1. If the only charges are +1 at each Lys and Arg Cβ and -1 at each Asp and Glu Cβ, what is the size of the charge dipole of the chain around the Cα centre, to the nearest 20 debye?
2. Give me P(r) over the range 134-233, computed from all C-alpha to C-alpha distances, binned every 5 Å, as integer percentages.
3. Which whole-number percent of Cα pairs in the range 39-194 have a distance greater than 28 Å?
4. Is the range 225-322 best put as rounded, prolate or oblate by its Cα gyration tensor, with a ≥ b ≥ c the root eigenvalues, rounded for a/c under 1.5, and otherwise prolate when a/b is larger than b/c, oblate when not?
5. Per 0.36 nm of contour for each residue apart, how much would the distance between GLU196 and LEU243 grow if the chain were fully extended, relative to their Cα-Cα spacing?
6. In nm, give the distance between the simple-model label positions of ASP165 and SER25, each being 7 Å from the Cα along the Cα-to-Cβ direction.
7. Using a 1.4 Å probe on the protein heavy atoms, what percent of the accessible area of the chain belongs to carbon and sulfur?
8. Relative contact order of the chain, please, whole-number percent, based on alpha carbon pairs below 8 angstrom and at least 6 residues apart.
Amino acid sequence: MIVKSSGATVIGIDCHLVDVEVDVSHGIPHFSTVGLPDAAVRESKDRIRAAIRNSGYPFPRHHVTVNLAPADIRKEGTGFDLPISMSILAAQGIVQPETLHGYVFMGELSLNGTIKGVQGVLPVAQEVRRSGRPGIVVARENADEAAMVEGLDVLPVDVLSDVVDGFTGTRPIAPHRVDLDALFREGLQPALDFSEIRGQEQAKRAMEVAAAGGHNILMIGPPGAGKTMLAQRLPGILPELTLPEAIETTKIFSVAGLLERNRSLVGMRPFRSPHHTVSDAGMVGGGQQPRPGEISLAHHGVLFLDELPEFRKNVLEALRQPMEDGVITISRSAVSTTFPARFMLVAAMNPCPCGFLGETRRHCRCSATAVRNYQSRISGPLLDRIDLHIEVPAVRHRELAGGSQGENSAAIAGRVRSARMLQKERFGGNTAATNARMDNGQIRRFCSLDVQSRHLLEMAMEKLGLSARAYTRILKTARTIADLAEAESIDPSHVAEAIQYRSLDRLVQS
């Protein structure tokens, strides 16, 4: 007898629904799975056999063939345990096969029949809803995550017998509901505050400009100057995630298996800080079956790269395309996967190998050649894609010992929010649009300069030898500075400040 139920596999962050067909025929007892299963799916036969028997149901002593269709898509993960088990039980008449139609099953089985949660439930639930099916059956620990998709019956279960009782009508399963607004509020966490940083007023201003326009920023300064502290507090002044952004971010974390068990929705903008030993696959994503990397986990948030020159050259160069496009496509012989990667890059570096170039209190012992070699580890094309380069000097003792605190994050966030609203109106109500993402046509339209501003920028281009891409970066930054000042047009003071945020260009030229 052939019985069919439905499961799902996730490739990248996209879900593909899978027909789980089971044929129980006479012959030597054997369990085989076909349809391009991975090792975890092939091993499921032993878990399924034990779970069915330990739940009090018979396991067929015949030839059992499981087909996962379509057969040209690789099936991976332990989420197929539950749909295969339900098809086997239906083939024996324990569950009526027609009751399974329309529902997608997803869950891993323990040997005693307990149903465990799996990764990637949110994209599966979205695909189930898009396909018009009525509901999805998941482990209880995945219920909140699946229930974020509205208009879908989410049936949470704890053990295999719960599923059997629900689909035989013995004990119906109550659909699970969540309050999305409440989940969103629970996902919010207290952010670190800028008032905790003493001194560094110029650097704080640069972080405000970066946040207001969505610009990438590079901090250059000696060890202990506060570069990491500044970066960690940047998410606290960025606009709050919208609910669609939060769900999209949660989808990536779900696929990567990084969702916290007690928090099914990512409510804060991500802050990712990979070590400089990270591989290119760890940074941009990859593997035999591609998984999201750090740049995708930082989607809608901040990617912080400390000690930027210490990262491998191939890792840094791999950032160039996603920084421009906001997505990363990973191609393998069998599959091509696209991950979102719209992040703010915040990088930090020392001015020289020892870190004390230009310091008056500490003597730099690096040769001019060593300094040039150190700074040249960051390629020009990558540097051009970073809008702001700022110097972060060491903090003086009187600033550290002073009793007054700096401006708090809430006040800075208010100005950032106002600047973002101006950009939203400018770009036709698109909340995702920022000055940093302007194309050439928008730059010509919204970044026009008067004669004095144009002359000032031409002088800077000639003196610093800036590229055409750096020229547009200065224009975008100047537009953001004008927005923070609530100015209709860009004036020379805005251009002058934007030029000051090209510190590394000046260091290289000197």
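1. Computed about the Cα centre, the dipole is about 1120 debye.
2. 2, 11, 15, 12, 9, 6, 7, 8, 9, 8, 7, 5, 3, 1
3. 22
4. Working: a/c = 2.06, a/b = 1.17, b/c = 1.75.
Oblate.
5. Gain on stretching GLU196 to LEU243: 14.0 nm.
6. Here the answer is 3.7 nm between the modelled labels.
7. Of all accessible area on the chain, carbon and sulfur atoms account for 49 percent.
8. It rounds to 13 percent for the chain.
The values are calculated or read from the model by the stated rules, or taken from the named source; none is laboratory data. In this text the structure is predicted, and so the values were computed from the model without any measurement. All Cβ positions, even for glycine, are placed from backbone atoms using ideal geometry, and neighbour counts span all protein chains on display. The protein model used for the area step is the full one, side chains on, heavy atoms only, and it has no ligands, DNA or RNA in it. Shrake-Rupley method; radii C 1.70, N 1.55, O 1.52, S 1.80 Å.
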